[in-house]
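The values are calculated or read from the model by the stated rules, or taken from the named source; none is laboratory data. The structure presented is a predicted model; accordingly, all values stated were derived computationally and were not measured. Ideal geometry is used to build each Cβ from the backbone, glycine not excepted, and the neighbour counts take in all protein chains shown.
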Amino acid sequence: MFINNFDPVALELYSLEIRWYSLAYIFGIIFGWILAKKLFIRNVEVKNNFDDYLTYLVIGIILGGRLGYIFIYNLSFYLNNPLDIFKIWQGGMSFHGGLIGVIFATVIFAKKNNQNSFLYLDIVALVTPIGLFFGRIANFINSELYGTITNVPWAVTFIQIDNLPRHPSQLYEALLEGLFLFLLLIYFRNKFLNKPGVISGLFLIIYSIFRFIVEFFRVPDEQLGYIFLNLTMGQVISLIFIISGIILFYLKYETP
């Protein structure tokens, strides 16, 4: 059994704290940008515009992720503590909210440049698992989004939470939503190169399935608990995204 007692602060310079959570976002965006430019962008116009698009992307991730967490997961807390809205370095980001933010930012950028937004969204879908991998590792280091109590041999005790053995659900997500999802999307990319939007649809479907499964091994958000039918908020939203992904995949796959 592994004992988790990591310090969430990666580096401290005088009074400035640099946390693993912040570094996960930084490295995820940087590596995703490099891979996109080097490997995944074939359209010359998209490649030329991608550096400018990155600014829109970062804004969409941060605003969408933060607002998504506030409104979906913890609205009452932030209504009572409005200044905490700006303390992003302490955590509190919603992936689903960030995804919606990215979609809005991409549509705005693509319309501005008179381009198909799915040319960008498909690329983002391909590299997003990299950011998810780093993000879930940071969640593990922070002892957040931890799993339910278990006796499996690979159980982890999160000292900052309690002394009980738990599923390392963050690592499950890092492997499934990060590594495995990345490999699957690379495989499917070669089959649907000329159908913009198909990869985006597959991303929504596969990510949401993985997220739905892992949520069974993860403690639900304390302030929400189980919503209904013993499903968490994350699972409910994942079901919505699965349906959305199936519709998108069908529409784009059938497009000549």
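Can you find a residue that is of a type in the set (S, T, N, Q), over 17 Å from the mean Cα position of the chain (by Cα) and at negative phi anywhere in the range 56-77? Scanning the range 56-77, I find at least one residue that is of a type in the set (S, T, N, Q), over 17 Å from the mean Cα position of the chain (by Cα) and at negative phi, so the answer is yes.
Please tell me if L145 is without any contact (Cβ under 8 Å) to a residue 24 or more places away in the chain and either among the aromatic types (F, W, Y) or over 27 Å from K195 (Cα atoms) (or both). In short, no. Could you say whether any residue in the range 195-217 is over 24 Å from F249 (Cα atoms) and of a type outside the set (D, E, K, R)? Yes, the range 195-217 contains a residue that is over 24 Å from F249 (Cα atoms) and of a type outside the set (D, E, K, R). Taken together, the residues in the range 44-82 that are at pLDDT below 90 and either β-branched (V, I, T) or not in a helix (DSSP H, G or I) (or both) amount to 3.
If you go through the range 62-76 and keep only what is of a type in the set (S, T, Y) and in contact with a Gly (Cβ under 6 Å, 6 or more places away or on another chain), you end up with just Y69.
For T232, the conditions (1) out of contact with any Leu (no Cβ under 9 Å at 6 or more places or on another chain); (2) buried (at least 18 other Cβ atoms within 10 Å of the Cβ); (3) of a type in the set (S, T, N, Q) all hold with the exception of (1).
If the condition is being over 30 Å from F118 (Cβ atoms) and of a type outside the set (A, V, I, L, M, F, W, C), then the range 196-231 contributes R218, P220, D221, E222, Q223, G225, Y226, N230. In the range 163-173, which residues are part of a helix (DSSP H, G or I) and either β-branched (V, I, T) or crowded, with 22+ Cβ neighbours inside 10 Å (or both)? Within the range 163-173, S169, Q170, E173 qualify. Out of curiosity, is R136 over 18 Å from G28 (Cβ atoms) and either buried (at least 23 other Cβ atoms within 10 Å of the Cβ) or in contact (Cβ under 8 Å) with a residue 40 or more places away in the chain (or both)? So R136 does not fit the description; no. Taken residue by residue, the range 76-91 has no member that is within 23 Å of M233 (Cα to Cα), hydrophobic (A, V, I, L, M, F, W, C), surrounded by fewer than 18 Cβ atoms within 10 Å (Cβ to Cβ) and in contact with a Pro (Cβ under 9 Å, 6 or more places away or on another chain).
What are the residues in the range 48-80 that are free of Cβ contacts under 8 Å to residues at least 24 places away in the same chain, of a type outside the set (A, V, I, L, M) and farther than 15 Å from G32 by Cβ, if any? N48, Y78, N80 - these are the residues of the range 48-80 that are free of Cβ contacts under 8 Å to residues at least 24 places away in the same chain, of a type outside the set (A, V, I, L, M) and farther than 15 Å from G32 by Cβ. Restricting I62, I34 to those that are exposed (fewer than 13 other Cβ atoms within 10 Å of the Cβ) and either in contact with a Lys or Arg (Cβ under 6 Å, 6 or more places away or on another chain) or more than 30 Å from I159 (Cβ to Cβ) (or both) reduces the list to I34. If you go through the range 109-125 and keep only what is among the aliphatic types (A, V, I, L, M) and closer than 13 Å to N49 by Cβ, you end up with A110, L119, I123. Among residues of the range 1-43 being under 30 Å from L119 (Cα atoms), part of a loop (DSSP other than H, G, I, E, B) and in contact with a helix residue (DSSP H, G or I) (Cβ under 7 Å, 6 or more places away or on another chain), the one that is modelled with the highest pLDDT is I41.
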